[in-house]
1. Can you spot the lysines whose alpha carbon is less than 29 Å from residue 322's alpha carbon? Ignore those fewer than 8 places along the same chain.
2. Any idea how far the Cα center of segment 236-308 sits from the one of segment 40-81, in Å?
3. DSSP H helices in the chain with Cα extent of 15 Å or more along the helix axis and mean Kyte-Doolittle hydropathy at least -1.0?
4. For every helix of n ≥ 4 consecutive DSSP H residues, a contribution of -39,500 (n - 2.57) applies; sum these over the chain, divide by its total residues, and give [θ] at 222 nm rounded to the nearest 500 deg cm²/dmol.
5. Just checking my list (1) 19.2; (2) 17.2; (3) 20.9 against mean projected area of the Cα convex hull in nm² computed from this structure; which label fits?
6. Out of all DSSP beta bridges with both ends in the chain, state the antiparallel percent to the nearest 5.
7. Which order do you get for 30, 101, 21, 200 if you rank them by accessible area with a 1.4 Å probe, largest at the top?
8. Using the Kirkwood formula on the Cα atoms of segment 121-280, what hydrodynamic radius do you get, in angstrom to one decimal?
Amino acid sequence: MNSVPTLQINGTSIAPGTNVYIDIPVTQLYTHAPITIPVHVIHSKHPGPRLFVSGAVHGDEINGVEIIRRVLKLPALKRLHGTLIAAPIVNVHGFINHSRYLPDRRDLNRSFPGSETGSLTARVANIFLTEIVAKCTHGIDLHTAAIHRDNVPQVRGDLDNPEIERMARAFGAPVILNGGLVDGSLRKLAMEAGVHTLLYEAGEALRFNELCIRGGVRGVLSVMRELGMLPQGKHTLPPPEAVVASSTSWMRASQSGILRTTAALGARVKPGTRLGVIADPFGECEVDVLSTASGIIIGRTNIPLVHEGDALFHIARFEQPKAAEAAVEQFQAEHLNGVDMLLEEEPPIV
């Protein structure tokens with residue numbers, strides 16, 4: 001007798017050893033067209049962890065959609081132990097409209113656990129939490145920076161939890177942020193439900209980034225191997241040694257104007273390093289944006305038009321900033337130079 005039970009998602013019975021697509025109903029548009037959350041479930045006949053991988057919780061953060069597509073094409077999944085539940089587009093409304101939010105202008109990742117009778121966003125949160133997350137033991141939530149910002153590939157998790165630390169280090173992103181749990185976030189509610197969940201942030205909204213995508217594919221695969229869901233490959237490279245940030249802070253605009261950025265994403269900085277220059281359109285009044293901390297630039301604005309107080313550069317502090325800079329450089333070299341050939345026939349997005 002098979003020791004793996006049948007999985008139930010939205011009234012669909014998924015027998016061990018099967019591979020199914022499910023459309024979870026959410027609502028209808030006012031045109032009467034249905035909106036559903038598309039889910040791909042691979043339920044192995046071999047026991048193991050149940051992992052969800054989610055993308056586009058913020059509808060304009062699309063790198064995760066491509067990461068999940070590539071993961072689902074991996075031949076290694078034929079040897080899966082446990083269950084993989086892939087939800088590439090959680091916020092379908094936002095994805096259609098190129099928007100972070102749902103039509104009610106609420107942030108899905110601040111609306112968990114949601115409610116069956118609440119706002120549209122609350123209902124989507126409730127459906128995803130009860131039908132997907134609650135059925136799992138582990139999770140990876142894929143994100144990018146917000147609109148007009150860019151992020152160095154990084155993972156965020158509560159490293160006080162040994163299982164999360166194990167997943168974070170296995171993922172292989174160059175930077176780990178020991179982040180607290182934000183109220184209303186998917187990660188917080190998943191963790192409260194006993195589902196060990198990691199967040200991957202890389203790139204910018206509404207743009208594909210090949211470096212971030214390759215890093216995400218390798219990261220998901222590495223976590224699955226670490227959890228025993230996939231066997232170690234014969235030529236599997238160990239993940240780069242990630243560096244844990246002790247804290248982070250934003251450098252903000254001291255005046256309104258037009259920003260000329262002079263420091264690259266991933267660069268190492270120290271107090272007094274010039275990150276950019278803000279000027280009025282005539283160049284009559286110019287002011288330097290100077291770092292007040294030592295560390296690595298892990299995020300920055302991409303739009304030059306800034307108001308006083310706007311967040312411009314996100315700097316992560318490390319006990320060894322040079323090691324963090326080296327980790328970022330190693331990550332870039334490995335994923336852009338073809339060392340990590342997870343899908344040899346997959347053409348890079350350029």
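The values are calculated or read from the model by the stated rules, or taken from the named source; none is laboratory data. All values derive from a computational prediction rather than experimental measurement. The accessibility values were calculated without ligands, DNA or RNA, using every heavy atom of the protein model including side chains. Shrake-Rupley method; radii C 1.70, N 1.55, O 1.52, S 1.80 Å.
1. Candidates past the 8-residue exclusion: 270.
2. Measuring centre to centre over Cα atoms gives 34 Å.
3. Numbers: long enough: 120-131 (16 Å, 0.82); 210-226 (24 Å, 0.39); 321-336 (23 Å, -0.40).
Long hydrophobic helices here: 120-131, 210-226, 321-336.
4. Numbers: 7 runs with 77 residues, N = 350.
One gets -6500 deg cm²/dmol as the mean residue ellipticity at 222 nm.
5. Label of the calculated value: (1).
6. Numbers: 47 of 69 bridges.
Close to 70 percent.
7. Numbers: 30 225, 101 70, 21 180, 200 5 Å².
Reading off the accessible areas and sorting them downward yields 30, 21, 101, 200.
8. Working: mean 1/r = 0.0568 Å⁻¹.
Kirkwood radius, segment 121-280: 17.6 Å.
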